[in-house]
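Laboratory data are not the source of any read-out in this text; all were calculated from the coordinates shown. Just so it is clear, the structure is predicted and the values come from calculations on it, not from any experiment. Don't worry about glycine lacking a Cβ; one is built from the backbone with ideal geometry, like all the others, and counts go over all protein chains shown.
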């Protein structure tokens, strides 16, 4: 079996509100709740399992999306009045970036986690790619 990321736990002040926020931006479903978690499942099967917590440090999560998904998600971000930025320092408000020949945008979830949408993976181009 190859190694794959299966899930990660994302601490939140309100797991349902946070899961719904992300699901709405990405046009995914939140839930159903199981155990202590509210999962949001991505197309590659990875779940982001939101859990209530009062003590956590904000983290960063990046999502690779198609051009059409980027356009739709950015429209939902703007329609919801969510502040968004061109880089991780939260500079150039209201703008996007064009790194690696794609487009990207950063925005905060209700807990201060920095979320990112990109249309091209970051980093060096793999051999033969």
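Considering each residue of segment 72-90 in turn, none proves to be at positive phi and assigned to a helix (DSSP H, G or I).
Based on what the data block shows, is residue 88 out of contact with any helix residue (DSSP H, G or I) (no Cβ under 8 Å at 6 or more places or on another chain), under 22 Å from residue 119 (Cβ atoms) and surrounded by 18 or more Cβ atoms within 10 Å (Cβ to Cβ)? Steps first, answer last, please.
On the way: out of contact with any helix residue (DSSP H, G or I) (no Cβ under 8 Å at 6 or more places or on another chain): yes; under 22 Å from residue 119 (Cβ atoms): yes; surrounded by 18 or more Cβ atoms within 10 Å (Cβ to Cβ): no.
The answer is no for residue 88.
Assess whether residue 115 counts as being assigned to a strand (DSSP E or B), in contact (Cβ under 8 Å) with a residue 60 or more places away in the chain and touching a helix residue (DSSP H, G or I) at 6+ places or on another chain (Cβ under 8 Å). Judged against the criteria, residue 115 is a match.
Tell me, which residue of segment 1-21 that is surrounded by 15 or more Cβ atoms within 10 Å (Cβ to Cβ) and free of Cβ contacts under 8 Å to residues at least 40 places away in the same chain is farthest from the chain's Cα centre (by Cα)? Filtering segment 1-21 for residues that are surrounded by 15 or more Cβ atoms within 10 Å (Cβ to Cβ) and free of Cβ contacts under 8 Å to residues at least 40 places away in the same chain, the one farthest from the chain's Cα centre (by Cα) comes out as 15. For segment 53-74, filtering for residues that are under 24 Å from residue 15 (Cα atoms) and exposed (fewer than 13 other Cβ atoms within 10 Å of the Cβ) leaves 5. When residue 81 is tested against (1) in contact (Cβ under 8 Å) with a residue 12 or more places away in the chain; (2) under 18 Å from residue 22 (Cα atoms); (3) loosely packed, with under 15 Cβ neighbours inside 10 Å, exactly one condition is not met: (1). Mind checking which residues of segment 22-44 are part of a strand (DSSP E or B) and either touching a helix residue (DSSP H, G or I) at 6+ places or on another chain (Cβ under 6 Å) or surrounded by fewer than 16 Cβ atoms within 10 Å (Cβ to Cβ) (or both)? Once the filter is applied, which keeps residues that are part of a strand (DSSP E or B) and either touching a helix residue (DSSP H, G or I) at 6+ places or on another chain (Cβ under 6 Å) or surrounded by fewer than 16 Cβ atoms within 10 Å (Cβ to Cβ) (or both), segment 22-44 yields 30, 34, 38, 40.
When the residues of segment 98-112 are filtered to those that are part of a loop (DSSP other than H, G, I, E, B) and free of Cβ contacts under 8 Å to residues at least 40 places away in the same chain, the one that is nearest to residue 75 (Cα to Cα) is 103. Restricting 73, 12 to those that are over 24 Å from residue 99 (Cα atoms) and touching a strand residue (DSSP E or B) at 6+ places or on another chain (Cβ under 7 Å) reduces the list to 12.
Among residues of segment 32-50 that are over 20 Å from residue 64 (Cβ atoms), those with a Cβ under 7 angstrom from a residue that is in a loop (DSSP other than H, G, I, E, B), sequence gap 6+ or separate chain, pair up as 38/31.
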